[in-house]
Structure formats: C-alpha cells, structure tokens
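Attaching a single structure in structure tokens format; questions to follow.
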Amino acid sequence: MKYFKNTSWLFAEKILRMIVGLFVGVWVARYLGPDKFGLFSYAGSFVGLFTAIATLGLDGIVVRELVKHPQKENELLGTAFYLKLMGAVLTLVILYIAIHFTSNDHYTNVMIFIIASATIFQSFNVIDMYFQSKVMSKFVVYVNIISLFISSLVKITLILLNAPLIAFAWVVLFDSFVLACGFLYFYIKHSKLSMKNLTFKSETANSLLKESWPLIFVGFIVMINMRADQVMIKNILHSNLIIGYYSVAFRISELWYFIPTLLGSSIYPAIINARNTDYNLYRHRIFLSIKWMSVIVLPLAVGITFFSSYIIDVIYGEAYQKASLYLQ
C-alpha cells in the first residue's frame, strides 16, 4: 500500500500534466504554426542530444545509495548536486562547440542556449531523488503541479500578447527556475536536512561516476534515438515545416512514455529492498513491473496507429494534417 499510494500521487500528477500540457502545448503549436513550431522543436531536440551529460546518469544510482545508506544523505545529495552542476556547465561548453558544425543561423543558436541554460537549475533535481528514496513523492507532485500551472499561465499570456517565438524559449528556462525553487522549499520544510550541510566528497564522486558512466553512455544513445531525427531533418532537408509536422506526431506518441517511467521510478525502491532481502521476491517484483507495463502500453500503441489521422485533425487542426502519416 505504501508503494501504491506513492505511485498514485505520481500517476495523478502525470495525468494532470498530460491533460494541461497537451491543451497548452496544442495552443502553442496552433499559435506558432508548423514552421515556427518546427524551429522551436528543433532547438529543444538539439539540446536534448546532450542532456545525458548534464544528468550524468546519477538519478537511479543516487536513489539506490540513499535507500542503502540513509546516514550518508548529506554527502550523497551534496556530491550529486555539484556533479550535476558541473555536468550542466560542461553541456553548455559542448553545445557551444557543436553549433559550429551546423548550418544554424544566429537566432536558432540563441534559442538553443536559452533552452540549454535550464540544465543549470535542473541540478536541484537531487531533491527529487531524496523524496523518491523516502517514498514521499507527494511533495514532488506538489512542486510539479505548481510549476505546471505557472508555466501554463505564462504561455497563455504570451499567446494572448502575440509574443515572438523566442519568448517561449525563455519560458523553458523560467520553468526550470520555478521547479528548483519549489524543490528547495519542500526540502527545507519537510526534511531534517539543510542545504548548507550538503557536502561534496571526491571519493563519493569517483564512486558514483564509476558506476554511472555506462548510464551516461546509455542515456546519450537513448537521446540520440529520440531526438536525432529532428536534428537530421533540419540539417538534411533544411525544412522547419517538416520538423513541425514530425514534432506534433512525436509529442503525441511520447505522451505515454510516462507510464513505464512512472511505474519504474516508484517501484524502484521496492525492488532494491527486495534484492537485499529476498531474491525470489526481487525477481517476482521485476516480472510484475514488466507485465503491467506491457498490458497497459500495447493497446495504446495499436489504437493510436489506427486512429492517427482523426487524432491529428481533432487536436492540431488542418494545418498539421500531414503529421498523421508520421504518427502512424
């Protein structure tokens, strides 16, 4: 029941995020049109190629270590925070080098760096790891919901004010700042720890990075698999319009990615605890998680494939009708 309640909080937040995010995201896409929306999506995808460097593959490992060694919370959280901060700075440096190998214009590059700057504030996501390890995801949900509504209000205001495209790039940076402030507030209020007591230890950093480097590599490959297509369309076909069509199809298809991610992150502490105490229970919990992910996701995939044209027409309108082929 403990893990079920934790999952319920996360599930409710993701459903709300999906509904509100889809509504506002569709409004933004309709406002910008396929061409501008394609350019905005390209900038986000280009940044996405390098986000594995910013996260350093630490999330799951830090949660595991917090579960196993709660007495080292200050050390683990502090080390992870500074590692993520260094990863974010490294990401910006690599992006600066990478854009010189593209055909991007100055406007596009400015948007890329505005969006990429959000990785700095994402270092505070270590607080999310703390609440995950304590199976206290309701506080993470509070932060995400507050951030979602503030972000949605800002985007709607920009649409009503006829704001330029670059204003929406600034919203991405603003969102990460609001999220970081929210994490800090709930961490200070609902934990016995203090941010000033967080410490960085080189031995702990080496230990974490020694385990995380395969995850950095895997994360990089996953992001290439998910984002490289839009970057390739831009640099091969030089068409923001096609990226716009492709992007809306991709966004509908990835709406459902939260299901395995949600189940996995919520069940993860239970799997770790079982692995340390009962190997048969450990195997059983892994089997159950895979079973339910498959049962939930497969019907969604089949349904969306057959009704793609209708879905695109209802949600995004006639201007994006060509996106239905990509969604299929």
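Select from Ile224, Leu165, Pro34 the residue farthest towards the positive end of the dipole of the chain; place +1 on Cβ of Lys and Arg, -1 on Cβ of Asp and Glu, and compute about the Cα centre.
The listed residue farthest towards the positive side: Ile224.
Another question, then. Can you classify segment 120-176 as rounded, prolate or oblate using the Cα gyration tensor, where a ≥ b ≥ c are the square roots of its eigenvalues, rounded means a/c under 1.5, and otherwise it's prolate if a/b beats b/c and oblate if not?
Oblate is the answer for segment 120-176, as a/c is 1.5 or above yet b/c matches or exceeds a/b.
When a/c is below 1.5 the answer is rounded, else prolate if a/b is larger than b/c, else oblate, so apply that to segment 9-149 with a ≥ b ≥ c taken from the square roots of the Cα gyration tensor eigenvalues.
In terms of gyration-tensor shape, oblate.
While we're looking at this one, here's another question. Output the 0 to 90 degree angle, nearest 10, between the alpha-carbon long axis of helix 240-254 and the longest principal axis computed from the alpha carbons of the chain.
Taking Cα atoms only, the helix is inclined about 40 degrees.
Give, in nm to one decimal, the length gained when the segment between Glu203 and Met293 is fully stretched (0.36 nm per residue of separation minus the Cα-Cα distance).
Difference between extended and current length: 28.7 nm.
With angles folded into 0 to 90 degrees, how steeply does helix 202-237 sit against the dominant principal axis of the chain? Use alpha carbons for both and round to 10.
10
In terms of the Cα gyration tensor, with a ≥ b ≥ c the square roots of its eigenvalues, is segment 143-235 rounded because a/c is under 1.5, prolate because a/b exceeds b/c, or oblate?
Cα axes put segment 143-235 in the oblate bin.
Something else: What 222 nm value per residue comes from the helices of the chain, counting each DSSP H run with n ≥ 4 as -39,500 (n - 2.57) and dividing by all residues, nearest 500 deg cm²/dmol?
-28500 deg cm²/dmol
Using a simple spin-label model with points 7 Å from Cα along the Cα→Cβ vector, what separation in nm is obtained for Gln328 and His100?
Simple spin-label model gives 4.5 nm for this pair.
Only Lys, Arg, Asp and Glu count, each charged at its Cβ (+1, +1, -1, -1), so figure out the dipole size of the chain about its Cα centre, rounded to 20 debye.
It comes to approximately 860 debye.
In whole angstrom, how far apart do the alpha carbon centroids of segment 59-98 and segment 292-306 sit?
Spelled out, the Cα-based centre of one part sits 34 Å from the other.
Next up: Per residue, what accessible area does the chain have, given a 1.4 Å probe and all protein chains present, in Å²?
51
Let me ask you something else. Which of Gly60, Ser147, Gln132 sits closest to the plus end of the dipole of segment 39-170, meaning its Cα is farthest towards the positive end, when Lys and Arg get +1 and Asp and Glu get -1 on the C-beta?
Gln132
Can you send over the carbon and sulfur percentage of the accessible area for the chain, probe radius 1.4 Å, protein chains only?
Percent of accessible area from carbon and sulfur atoms in the chain: 68.
The values are calculated or read from the model by the stated rules, or taken from the named source; none is laboratory data. Quick caveat: nothing in here was measured; it's all calculated off a predicted structure. Backbone-built Cβ (ideal geometry, glycine too); neighbour counts: all protein chains shown. To get the accessible areas, we keep the full protein, side chains included, count just its heavy atoms, and leave off ligands, DNA and RNA. Shrake-Rupley method; radii C 1.70, N 1.55, O 1.52, S 1.80 Å.
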